[in-house]
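Below is one structure, written out as structure tokens, with a few remarks after it.
The values are calculated or read from the model by the stated rules, or taken from the named source; none is laboratory data. It should be emphasised that the depicted structure is a prediction, and the values quoted were computed from it without experimental measurement. Virtual Cβ from ideal backbone geometry, glycine too; neighbours counted across all protein chains shown. Just the protein is used for accessible areas: all its heavy atoms, side chains included, with ligands, DNA and RNA removed. Shrake-Rupley method; radii C 1.70, N 1.55, O 1.52, S 1.80 Å.
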Amino acid sequence: GVVDRLREQGFPVTPINFSESPIDKEHYRDVRDESYHTLSKRFKEGRIDLTRISKDIYDRLCGELTAMGYDYTSDGKIAVWPKKKIKETTGHSPDCADTLAILYCGSTFRQGQNEAVKVLGQQSRWANDLATRTGSRWKK
């Protein structure tokens, strides 16, 4: 997979699994829910600047983020809508939004945001653009 290929090329990679247990198990079902809720809080606090990304990536990202929503589970945990529901609205997987959630929610992950960028940054043009234009750097 992607992680193995990046390791073969000499990148120190830490894979991110959105379905693993969150740090805050009281409020979230998994890392994905925790990441997106943290991302939402950072937007509300004005801590995210998207002015340096290209217009096509910005437009795609906005479409994906505005298609997102969440519910609460029976035990009161935040549950971000599944990818399938987002795909029905946007016509594609929210990969750009997933990348942003990982980039800006480094505290959610045990290895921090730069390690997450190493996994996703090689996959596509928009992931690389988000990583470099938001100040994240990754090197061999």
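Here are a few things to note about the model shown:
- For region 27-75, the set of residues classified as of a type in the set (Ser, Thr, Tyr), under 22 Å from residue 85 (Cβ atoms) and open to solvent by 80 Å² or more (accessible area, probe 1.4 Å) consists of 66, 70, 72, 74, listed by residue number.
- Residues of region 55-73 classified as under 18 Å from the mean Cα position of the chain (by Cα) and hydroxyl-bearing (Ser, Thr, Tyr), total: 3
- When residue 6 is tested against the conditions (1) over 16 Å from the mean Cα position of the chain (by Cα); (2) at pLDDT 90 or above; (3) surrounded by 12 or more Cβ atoms within 10 Å (Cβ to Cβ), the lone failure is (2).
- Taken over region 1-53, the residue count meeting the criterion of being of a type outside the set (D, E, K, R) and closer than 23 Å to residue 67 by Cβ is 20.
- Residue among 25, 41 that alone is under 16 Å from the mean Cα position of the chain (by Cα) and either among the acidic types (Asp, Glu) or over 19 Å from residue 95 (Cα atoms) (or both): 41
- Selection count, region 14-26, where residues are of a type in the set (A, V, I, L, M, F, W, C) and under 21 Å from residue 83 (Cβ atoms): 2
- Per the conditions (1) of a type in the set (S, T, N, Q); (2) touching a residue at least 40 places away in the same chain (Cβ under 8 Å); (3) in a helix (DSSP H, G or I), the sole criterion not satisfied by residue 14 is (3).
- Within the option set 28, 36, 58, being modelled with pLDDT of 90 or more and farther than 10 Å from residue 78 by Cβ holds for one residue only, 58.
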